[in-house]
Amino acid sequence: MAYDAIETPFGKTGKILGGCATYIGLAASLFKAKCGIVSVIGDDFEQAHLDLLKARKLDLSGVETIQGEKTFFWSGKYHNDLNTRTTMETQLNVLTKFKPVVPDYFKDASIVLLGNLDPNLQLAVLNQLSHKPTLVVMDTMNFWIESYREKLDEVIGKVDVISINDEEARMITSTHSLVEAAKKLQQMGPKYVIIKKGEHGALLFHENQIFCAPALPLENVFDPTGAGDSFIGGFVGHLSQCKNVSFEEMKTATIIGSAMASFTVQKFGTKSLEELILPELKERLDIFKSLTEFELT
């Protein structure tokens, strides 16, 4: 849970709501699942933003407020292609004091999603669980890969699904081929590997099976911040409705995640997710389906 200030070729914002847990929670809240967040905020976190998350039925009892401290803040500028960005400012603030505490009634969660954070904190959450989840999903980024590799590898060895972008996959495996990178990642522990390719869609790997999800061609893209978090939030939101987690359900979840991300990028920050309703998501899923439907004659 964080605050961001974002500049793209299409405009700029002041301080707005952000953070991987926020995007993930808002995306997952569209599905009939009990969803709780474990995070940390400062006393500057606006009540209106807490009320927004509570209104979406997100359980915030695992969110710690540190009095006298400020919420994590990130400021960045995206360049013309929107695939590259420059970090202008990072204020860790409360994150330097964060020691996640999982509430007792979160400890038997069927799905656990470890957001993009220090691998030591991801591991601390896993070690507090009372039961082995049906599915453990994780995200990470280049900073943790470069600086916390040994601990990151330990976390990767304990999860069922890893969701990262193509650059991160190549960094972890020292392999250019994404197919080969996925195989190496599976050998490290995860049964399923998702490699996101931005405007070129996403790849899902399981054993020797590969599924390619398209990205929706959009006329206007305003802000890619949080797209990956929205993707994985929609992904696990769908899987929480499934009796059995299979490769077929994972394929559907990948498309749903891609559709969720396509909404996120159309407005700054979390605005699209705040306004999104289920009928709109279903309508967009039909568009995704039409992108790849064809007949062999």
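Does Lys267 count as among the basic types (Lys, Arg) and outside any helix (DSSP H, G or I)?
In short, yes.
Please verify whether segment 269-281 includes one or more residues that are farther than 27 Å from Thr13 by Cβ and without any contact (Cβ under 8 Å) to a residue 12 or more places away in the chain.
Looking for residues that are farther than 27 Å from Thr13 by Cβ and without any contact (Cβ under 8 Å) to a residue 12 or more places away in the chain, one finds at least one in segment 269-281, hence yes.
Between Ile37, Ile41, Ile66, which is under 17 Å from the mean Cα position of the chain (by Cα) and either surrounded by fewer than 17 Cβ atoms within 10 Å (Cβ to Cβ) or at pLDDT 95 or above (or both)?
Of Ile37, Ile41, Ile66, the one residue that is under 17 Å from the mean Cα position of the chain (by Cα) and either surrounded by fewer than 17 Cβ atoms within 10 Å (Cβ to Cβ) or at pLDDT 95 or above (or both) is Ile37.
Need a quick list: helices (runs of 4 or more DSSP H) entirely within segment 88-197 having at least 1 residues that are over 21 Å from Val38 (Cβ atoms) and among the hydrophobic types (A, V, I, L, M, F, W, C).
In segment 88-197, the matching helices (runs of 4 or more DSSP H) lie at 142-147, 166-173, 178-188.
For residues that are within 21 Å of Asp51 (Cα to Cα) and of a type outside the set (D, E, K, R), tally how many sit in segment 253-290.
Residues in segment 253-290 being within 21 Å of Asp51 (Cα to Cα) and of a type outside the set (D, E, K, R): 9 in total.
Which residue pairs have Cβ atoms under 9 Å apart, sit 6 or more places apart or on different chains, and have a first residue in segment 103-118 that is among the basic types (Lys, Arg) and a second that is surrounded by fewer than 19 Cβ atoms within 10 Å (Cβ to Cβ)?
These pairs meet every condition: Lys107/Gln128; Lys107/Leu129; Lys107/Ser130; Lys107/His131.
Might you let me know whether segment 208-219 holds any residue that is at pLDDT 95 or above, in a strand (DSSP E or B) and under 24 Å from Ser110 (Cα atoms)?
no
Considering every residue within segment 218-236, establish whether at least one is closer than 20 Å to Phe10 by Cβ, free of Cβ contacts under 8 Å to residues at least 40 places away in the same chain and crowded, with 19+ Cβ neighbours inside 10 Å.
Yes: one or more hits.
The values are calculated or read from the model by the stated rules, or taken from the named source; none is laboratory data. These figures come from a predicted structure and were not determined experimentally. Heads up, the Cβs are rebuilt from the backbone with ideal geometry, glycines too, and the neighbour counts pull from every protein chain shown.
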